[in-house]
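Here's the structure, in C-alpha coordinates; my notes come after.
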Amino acid sequence: MRILAFETSCDETAAAVVEDGTRILSNIVASQIDIHRRYGGIVPEVASRQHVLSIVPVYQEALDSSGLSLGDIDRVAVTHGPGLAGSLLVGVNFAKALAASRGLPLFGVNHMEAHVYANWLAFPTPPEDDSRFPALCLIVSGGHTELQLMRAHGHYQLLGRTRDDAAGEAFDKAARLLDLGYPGGPVIEKAALQATDRLSLPRAWLPGTCDFSFSGVKTALWHLINREELLNQPNLAANAAASFQDAVVDVLVGKTLRAAEDFGATCILLSGGVAANSSLRDRLSQDSPIDVFIPPRSFCTDNAAMVAACSYFSGGPASPGGPGLDVEPGLSL
Ligand code: KG4
Ligand code: ZN
(Lines give C-alpha, C1' and ligand atoms only; values in the text may rest on other atoms or scores of the structure.)
(Ligands and ions follow the chains in the order given, each with its own letter.)
Protein backbone atom coordinates (compact mmCIF):
# COMPACT_ATOMS: atom_id res chain seq x y z
CA MET A 1 0.00 0.00 0.00
CA ARG A 2 1.48 3.32 -1.10
CA ILE A 3 0.22 6.34 0.78
CA LEU A 4 0.70 9.96 -0.28
CA ALA A 5 0.40 12.09 2.87
CA PHE A 6 0.20 15.80 3.66
CA GLU A 7 0.91 17.78 6.83
CA THR A 8 0.13 21.51 7.20
CA SER A 9 -1.14 21.83 10.78
CA CYS A 10 1.36 24.47 11.90
CA ASP A 11 4.37 26.03 10.19
CA GLU A 12 5.73 23.15 8.10
CA THR A 13 4.37 22.34 4.65
CA ALA A 14 5.10 18.65 4.19
CA ALA A 15 4.33 15.81 1.78
CA ALA A 16 5.60 12.23 1.73
CA VAL A 17 5.13 8.90 0.01
CA VAL A 18 5.41 5.86 2.29
CA GLU A 19 5.02 2.20 1.36
CA ASP A 20 3.41 -0.25 3.79
CA GLY A 21 3.62 2.18 6.68
CA THR A 22 7.38 2.07 7.15
CA ARG A 23 9.26 2.35 3.85
CA ILE A 24 9.81 6.04 3.09
CA LEU A 25 9.97 6.67 -0.66
CA SER A 26 10.06 10.45 -0.23
CA ASN A 27 9.71 12.93 2.63
CA ILE A 28 9.72 16.66 1.83
CA VAL A 29 9.41 19.36 4.49
CA ALA A 30 9.31 23.10 3.69
CA SER A 31 9.86 24.90 6.99
CA GLN A 32 8.64 28.45 7.56
CA ILE A 33 10.84 28.99 10.61
CA ASP A 34 12.92 31.74 9.00
CA ILE A 35 9.77 33.69 8.15
CA HIS A 36 8.24 33.46 11.65
CA ARG A 37 11.53 34.01 13.47
CA ARG A 38 11.37 37.76 12.89
CA TYR A 39 8.04 37.88 14.81
CA GLY A 40 9.34 35.69 17.66
CA GLY A 41 6.61 33.11 17.09
CA ILE A 42 4.14 31.73 14.57
CA VAL A 43 1.75 34.23 12.97
CA PRO A 44 -1.26 32.13 11.87
CA GLU A 45 -2.24 34.26 8.86
CA VAL A 46 1.32 34.29 7.57
CA ALA A 47 1.53 30.51 8.07
CA SER A 48 -1.58 29.75 6.04
CA ARG A 49 -0.53 32.05 3.20
CA GLN A 50 2.88 30.38 3.12
CA HIS A 51 1.24 26.93 2.95
CA VAL A 52 -0.73 28.11 -0.09
CA LEU A 53 2.55 29.07 -1.79
CA SER A 54 4.38 25.87 -0.85
CA ILE A 55 1.84 23.06 -1.13
CA VAL A 56 2.05 22.50 -4.90
CA PRO A 57 5.88 22.49 -5.18
CA VAL A 58 6.19 20.34 -2.04
CA TYR A 59 3.65 17.84 -3.38
CA GLN A 60 5.39 17.77 -6.76
CA GLU A 61 8.80 17.19 -5.21
CA ALA A 62 7.47 14.43 -2.96
CA LEU A 63 5.91 12.61 -5.89
CA ASP A 64 8.91 13.12 -8.22
CA SER A 65 11.50 12.00 -5.70
CA SER A 66 9.46 8.91 -4.78
CA GLY A 67 9.97 7.70 -8.36
CA LEU A 68 6.23 7.06 -8.63
CA SER A 69 3.36 8.69 -10.47
CA LEU A 70 -0.10 9.44 -9.10
CA GLY A 71 -1.38 6.27 -10.74
CA ASP A 72 0.82 4.24 -8.34
CA ILE A 73 -0.72 5.81 -5.21
CA ASP A 74 -3.33 3.78 -3.29
CA ARG A 75 -4.47 6.31 -0.69
CA VAL A 76 -4.21 9.99 0.23
CA ALA A 77 -3.86 10.90 3.93
CA VAL A 78 -3.88 14.35 5.47
CA THR A 79 -3.68 15.90 8.94
CA HIS A 80 -7.09 17.42 9.68
CA GLY A 81 -6.49 18.42 13.31
CA PRO A 82 -5.49 19.55 15.85
CA GLY A 83 -3.70 22.68 14.62
CA LEU A 84 -4.17 26.15 13.19
CA ALA A 85 -7.47 26.29 11.29
CA GLY A 86 -6.17 28.31 8.34
CA SER A 87 -3.10 26.10 7.98
CA LEU A 88 -5.07 22.83 8.22
CA LEU A 89 -7.49 24.09 5.57
CA VAL A 90 -4.74 24.32 2.96
CA GLY A 91 -3.60 20.72 3.37
CA VAL A 92 -7.09 19.28 3.73
CA ASN A 93 -8.49 21.07 0.69
CA PHE A 94 -5.49 20.19 -1.45
CA ALA A 95 -5.65 16.52 -0.43
CA LYS A 96 -9.41 16.44 -0.99
CA ALA A 97 -9.11 17.89 -4.48
CA LEU A 98 -6.28 15.52 -5.39
CA ALA A 99 -8.13 12.45 -4.08
CA ALA A 100 -11.37 13.43 -5.80
CA SER A 101 -9.66 14.10 -9.13
CA ARG A 102 -8.07 10.60 -9.14
CA GLY A 103 -10.84 8.70 -7.37
CA LEU A 104 -8.47 7.84 -4.49
CA PRO A 105 -9.61 7.08 -0.93
CA LEU A 106 -8.93 9.97 1.45
CA PHE A 107 -8.08 9.53 5.15
CA GLY A 108 -8.04 12.24 7.82
CA VAL A 109 -5.28 11.82 10.41
CA ASN A 110 -4.97 13.20 13.96
CA HIS A 111 -1.71 15.16 14.24
CA MET A 112 -0.97 13.90 17.77
CA GLU A 113 -1.45 10.30 16.73
CA ALA A 114 0.77 10.90 13.70
CA HIS A 115 3.56 12.01 16.06
CA VAL A 116 3.28 8.66 17.89
CA TYR A 117 3.59 6.78 14.59
CA ALA A 118 6.88 8.51 13.76
CA ASN A 119 8.20 5.67 15.92
CA TRP A 120 7.22 3.15 13.26
CA LEU A 121 9.37 4.92 10.65
CA ALA A 122 12.57 3.97 12.45
CA PHE A 123 14.15 0.64 13.14
CA PRO A 124 13.83 -1.39 15.22
CA THR A 125 10.11 -0.71 15.07
CA PRO A 126 8.13 -0.72 18.32
CA PRO A 127 5.04 -2.90 18.86
CA GLU A 128 4.97 -5.25 15.89
CA ASP A 129 2.46 -7.45 17.59
CA ASP A 130 0.04 -7.18 20.48
CA SER A 131 2.63 -8.42 22.98
CA ARG A 132 4.27 -4.95 23.04
CA PHE A 133 1.05 -3.23 24.10
CA PRO A 134 0.14 -1.44 26.27
CA ALA A 135 2.72 1.16 25.28
CA LEU A 136 3.01 4.46 27.12
CA CYS A 137 3.15 7.42 24.74
CA LEU A 138 4.69 10.71 25.84
CA ILE A 139 3.72 13.26 23.18
CA VAL A 140 5.56 16.56 23.64
CA SER A 141 5.12 19.25 21.02
CA GLY A 142 4.66 22.99 20.70
CA GLY A 143 0.92 22.73 21.29
CA HIS A 144 0.48 19.57 23.37
CA THR A 145 1.95 17.58 26.22
CA GLU A 146 0.13 14.32 26.85
CA LEU A 147 0.59 10.89 28.35
CA GLN A 148 -1.52 8.37 26.43
CA LEU A 149 -1.73 4.66 27.12
CA MET A 150 -1.82 2.91 23.75
CA ARG A 151 -3.55 -0.44 24.19
CA ALA A 152 -3.54 -1.38 20.49
CA HIS A 153 -3.10 0.35 17.15
CA GLY A 154 -5.52 3.27 17.18
CA HIS A 155 -6.70 2.76 20.77
CA TYR A 156 -5.69 5.31 23.41
CA GLN A 157 -6.48 6.19 26.99
CA LEU A 158 -5.61 9.73 28.01
CA LEU A 159 -3.75 9.49 31.33
CA GLY A 160 -2.73 13.11 31.69
CA ARG A 161 -2.00 16.33 29.89
CA THR A 162 -0.61 19.76 30.60
CA ARG A 163 -2.86 22.06 32.56
CA ASP A 164 -1.30 25.19 31.07
CA ASP A 165 1.70 25.51 28.70
CA ALA A 166 2.82 22.64 26.48
CA ALA A 167 6.47 21.63 26.98
CA GLY A 168 7.49 23.07 23.59
CA GLU A 169 5.59 26.26 24.29
CA ALA A 170 7.43 26.54 27.62
CA PHE A 171 10.79 26.19 25.81
CA ASP A 172 9.70 28.85 23.31
CA LYS A 173 8.61 31.28 26.03
CA ALA A 174 11.72 30.66 28.14
CA ALA A 175 13.94 31.36 25.13
CA ARG A 176 12.12 34.63 24.61
CA LEU A 177 12.68 35.60 28.27
CA LEU A 178 16.37 34.79 27.87
CA ASP A 179 16.52 36.61 24.53
CA LEU A 180 17.91 33.53 22.82
CA GLY A 181 15.70 33.47 19.69
CA TYR A 182 13.10 31.20 18.12
CA PRO A 183 12.17 28.34 18.12
CA GLY A 184 13.02 27.97 21.77
CA GLY A 185 13.79 24.26 22.11
CA PRO A 186 16.87 24.11 19.89
CA VAL A 187 18.31 27.44 21.13
CA ILE A 188 17.83 26.52 24.81
CA GLU A 189 19.46 23.15 24.17
CA LYS A 190 22.42 24.82 22.45
CA ALA A 191 22.84 27.50 25.14
CA ALA A 192 22.64 24.85 27.89
CA LEU A 193 25.80 23.22 26.49
CA GLN A 194 27.76 26.31 27.64
CA ALA A 195 26.44 26.22 31.22
CA THR A 196 28.95 26.41 34.05
CA ASP A 197 26.51 26.39 36.97
CA ARG A 198 22.90 25.52 37.79
CA LEU A 199 20.27 27.83 39.29
CA SER A 200 17.44 26.64 41.45
CA LEU A 201 14.06 26.31 39.70
CA PRO A 202 10.88 24.57 40.92
CA ARG A 203 9.28 21.43 39.50
CA ALA A 204 5.50 21.01 39.46
CA TRP A 205 4.98 17.32 40.26
CA LEU A 206 1.18 17.45 40.68
CA PRO A 207 1.31 14.26 42.78
CA GLY A 208 -1.37 11.65 42.29
CA THR A 209 -2.01 12.74 38.70
CA CYS A 210 -0.39 12.20 35.30
CA ASP A 211 -0.90 15.90 34.50
CA PHE A 212 1.84 18.44 33.85
CA SER A 213 2.25 22.16 34.49
CA PHE A 214 5.00 24.30 33.03
CA SER A 215 3.82 27.86 33.53
CA GLY A 216 5.20 28.06 37.09
CA VAL A 217 8.76 27.18 36.13
CA LYS A 218 8.61 29.77 33.36
CA THR A 219 7.49 32.49 35.81
CA ALA A 220 10.16 31.36 38.28
CA LEU A 221 12.74 31.70 35.50
CA TRP A 222 11.58 35.27 34.86
CA HIS A 223 11.97 36.20 38.54
CA LEU A 224 15.32 34.43 38.74
CA ILE A 225 16.98 36.20 35.84
CA ASN A 226 15.80 39.55 37.17
CA ARG A 227 17.20 39.06 40.66
CA GLU A 228 19.56 41.87 41.37
CA GLU A 229 22.38 39.73 42.72
CA LEU A 230 22.29 37.58 39.57
CA LEU A 231 22.05 40.31 36.96
CA ASN A 232 25.80 40.53 36.47
CA GLN A 233 26.50 36.83 36.89
CA PRO A 234 28.75 35.68 34.06
CA ASN A 235 27.10 33.14 31.81
CA LEU A 236 23.64 33.82 33.27
CA ALA A 237 21.70 32.99 30.07
CA ALA A 238 23.44 29.63 29.55
CA ASN A 239 23.11 28.68 33.22
CA ALA A 240 19.44 29.67 33.23
CA ALA A 241 18.80 27.75 29.97
CA ALA A 242 20.41 24.58 31.38
CA SER A 243 18.51 24.91 34.65
CA PHE A 244 15.22 25.40 32.81
CA GLN A 245 15.88 22.41 30.54
CA ASP A 246 16.74 20.28 33.60
CA ALA A 247 13.51 21.29 35.33
CA VAL A 248 11.31 20.41 32.32
CA VAL A 249 13.14 17.16 31.56
CA ASP A 250 13.07 16.04 35.23
CA VAL A 251 9.29 16.31 35.32
CA LEU A 252 8.70 14.76 31.89
CA VAL A 253 10.94 11.78 32.67
CA GLY A 254 9.81 11.34 36.28
CA LYS A 255 6.10 11.40 35.51
CA THR A 256 6.45 9.18 32.44
CA LEU A 257 8.35 6.49 34.34
CA ARG A 258 5.84 6.60 37.21
CA ALA A 259 2.90 6.26 34.76
CA ALA A 260 4.63 3.41 32.91
CA GLU A 261 4.92 1.50 36.17
CA ASP A 262 1.41 2.33 37.41
CA PHE A 263 -0.26 1.28 34.17
CA GLY A 264 1.91 -1.75 33.38
CA ALA A 265 3.32 -0.42 30.10
CA THR A 266 5.71 -2.75 28.28
CA CYS A 267 7.52 0.08 26.47
CA ILE A 268 7.60 3.86 26.13
CA LEU A 269 7.12 5.72 22.84
CA LEU A 270 8.47 9.28 22.87
CA SER A 271 7.31 11.69 20.15
CA GLY A 272 6.69 15.32 19.14
CA GLY A 273 9.04 18.22 18.47
CA VAL A 274 10.44 18.31 22.03
CA ALA A 275 11.50 14.66 21.57
CA ALA A 276 14.36 16.12 19.48
CA ASN A 277 15.89 17.33 22.76
CA SER A 278 19.07 15.38 23.59
CA SER A 279 18.74 15.73 27.33
CA LEU A 280 15.19 14.31 27.26
CA ARG A 281 16.20 11.50 24.88
CA ASP A 282 19.21 10.52 26.98
CA ARG A 283 17.57 10.78 30.39
CA LEU A 284 14.49 8.80 29.40
CA SER A 285 16.55 6.06 27.76
CA GLN A 286 19.00 5.84 30.68
CA ASP A 287 16.47 5.92 33.51
CA SER A 288 13.78 3.65 32.09
CA PRO A 289 13.72 -0.01 33.12
CA ILE A 290 11.58 -0.83 30.05
CA ASP A 291 12.31 -0.30 26.33
CA VAL A 292 12.16 3.29 25.12
CA PHE A 293 11.57 4.05 21.44
CA ILE A 294 12.46 7.49 20.08
CA PRO A 295 12.24 8.52 16.41
CA PRO A 296 15.31 10.04 14.74
CA ARG A 297 15.31 13.82 15.31
CA SER A 298 14.08 14.64 11.80
CA PHE A 299 10.91 12.59 12.41
CA CYS A 300 10.21 14.25 15.79
CA THR A 301 9.31 17.64 14.36
CA ASP A 302 6.39 17.95 11.94
CA ASN A 303 6.59 15.87 8.76
CA ALA A 304 4.20 13.98 6.47
CA ALA A 305 5.89 10.55 6.62
CA MET A 306 4.47 10.11 10.13
CA VAL A 307 1.01 10.98 8.79
CA ALA A 308 1.30 8.20 6.21
CA ALA A 309 2.52 5.69 8.83
CA CYS A 310 -0.37 6.60 11.10
CA SER A 311 -2.93 6.22 8.33
CA TYR A 312 -1.50 2.79 7.44
CA PHE A 313 -1.42 1.28 10.95
CA SER A 314 -4.18 2.96 12.87
CA GLY A 315 -7.73 1.80 12.51
CA GLY A 316 -8.83 4.29 15.14
CA PRO A 317 -9.15 8.05 15.02
CA ALA A 318 -7.63 8.16 11.53
CA SER A 319 -10.96 7.20 10.02
CA PRO A 320 -11.82 7.35 6.32
CA GLY A 321 -12.34 10.96 5.28
CA GLY A 322 -13.93 11.26 1.87
CA PRO A 323 -15.36 14.46 0.43
CA GLY A 324 -16.98 15.37 3.77
CA LEU A 325 -13.60 15.58 5.54
CA ASP A 326 -13.22 18.89 7.33
CA VAL A 327 -10.61 20.53 9.51
CA GLU A 328 -10.90 20.04 13.28
CA PRO A 329 -8.54 22.54 14.94
CA GLY A 330 -9.41 21.29 18.45
CA LEU A 331 -9.33 17.57 17.68
CA SER A 332 -8.19 15.40 20.58
CA LEU A 333 -6.84 11.88 20.64
O1 KG4 B 1 5.83 18.81 16.97
P2 KG4 B 1 6.32 20.15 16.55
O3 KG4 B 1 7.28 20.22 15.39
O4 KG4 B 1 5.11 21.08 16.20
C5 KG4 B 1 3.90 21.01 16.91
O6 KG4 B 1 3.11 20.09 16.64
O7 KG4 B 1 3.76 21.88 17.82
O8 KG4 B 1 6.97 20.80 17.86
C9 KG4 B 1 7.50 22.09 17.84
C10 KG4 B 1 8.04 22.38 19.24
C11 KG4 B 1 8.51 23.81 19.43
O12 KG4 B 1 7.91 24.34 20.60
C13 KG4 B 1 10.03 23.67 19.59
O14 KG4 B 1 10.59 24.65 20.46
C15 KG4 B 1 10.14 22.28 20.17
O16 KG4 B 1 9.16 21.52 19.51
N17 KG4 B 1 11.47 21.71 19.92
C18 KG4 B 1 12.35 21.40 20.89
C19 KG4 B 1 13.54 20.97 20.25
N20 KG4 B 1 13.33 21.02 18.90
C21 KG4 B 1 12.05 21.46 18.72
N22 KG4 B 1 12.23 21.46 22.24
C23 KG4 B 1 13.31 21.10 22.98
N24 KG4 B 1 14.49 20.71 22.43
C25 KG4 B 1 14.65 20.63 21.09
N26 KG4 B 1 15.81 20.25 20.56
ZN1 ZN C 1 3.58 18.49 15.68
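The values are calculated or read from the model by the stated rules, or taken from the named source; none is laboratory data. Please read these numbers as outputs of a predicted model, since none were measured by experiment. Virtual Cβ from ideal backbone geometry, glycine too; neighbours counted across all protein chains shown. We work out accessible area using only protein heavy atoms, side chains counted, and drop any ligands, DNA or RNA first. Shrake-Rupley method; radii C 1.70, N 1.55, O 1.52, S 1.80 Å.
Structure notes:
- For segment 135-296, the solvent-accessible area of protein heavy atoms averages 42 Å² per residue (probe radius 1.4 Å; ligands and nucleic acids excluded).
- With a cut-off of 15 Å between beta carbons, the residues surrounding LEU333 carry a summed charge of -1, where Lys and Arg count +1 and Asp and Glu -1.
- Summed side-chain charge close to LEU257 - residues other than LEU257 whose Cβ falls under 15 Å, Lys, Arg +1, Asp, Glu -1: -1
- Toward the positive end of the charge dipole of the chain, with +1 on the Cβ of Lys and Arg and -1 on the Cβ of Asp and Glu, the farthest Cα among LEU231, SER311, LEU158 is that of LEU231.
- Carbon plus sulfur fraction of accessible area for the chain, probe 1.4 Å, in percent: 52
- Rounded to the nearest 5, the antiparallel percentage of DSSP beta bridges internal to the chain is 60%.
- The 3J(HN,Hα) values that the Karplus relation (6.51, -1.76, 1.60; θ = phi - 60°) gives for segment 11-19 are, in residue order, 10, 10, 9, 9, 9, 8, 10, 10, 9 Hz. Gly and Pro appear as x.
- Estimated dipole of the chain in Debye, rounded to 20 [Cβ of Lys and Arg +1, of Asp and Glu -1, Cα centre]: 260
- Under the combined filter of DSSP loop state and at most 10 neighbouring Cβ atoms within 10 Å, segment 1-89 retains these chymotrypsin sites (Phe, Trp or Tyr not before Pro): TYR39.
- Number of Lys pairs (Cα under 19 Å; 8 or more positions apart or on different chains) in the chain: 4
- Per residue, the solvent-accessible area of segment 52-102 (1.4 Å probe, heavy atoms of protein chains only, all protein chains present) comes to 40 Å².
- Share of Cα-Cα pairs in segment 135-296 lying beyond 24 Å, as whole percent: 31
- Helix 44-66 axis, angle to the chain major axis (alpha carbon atoms, nearest 10°): 60
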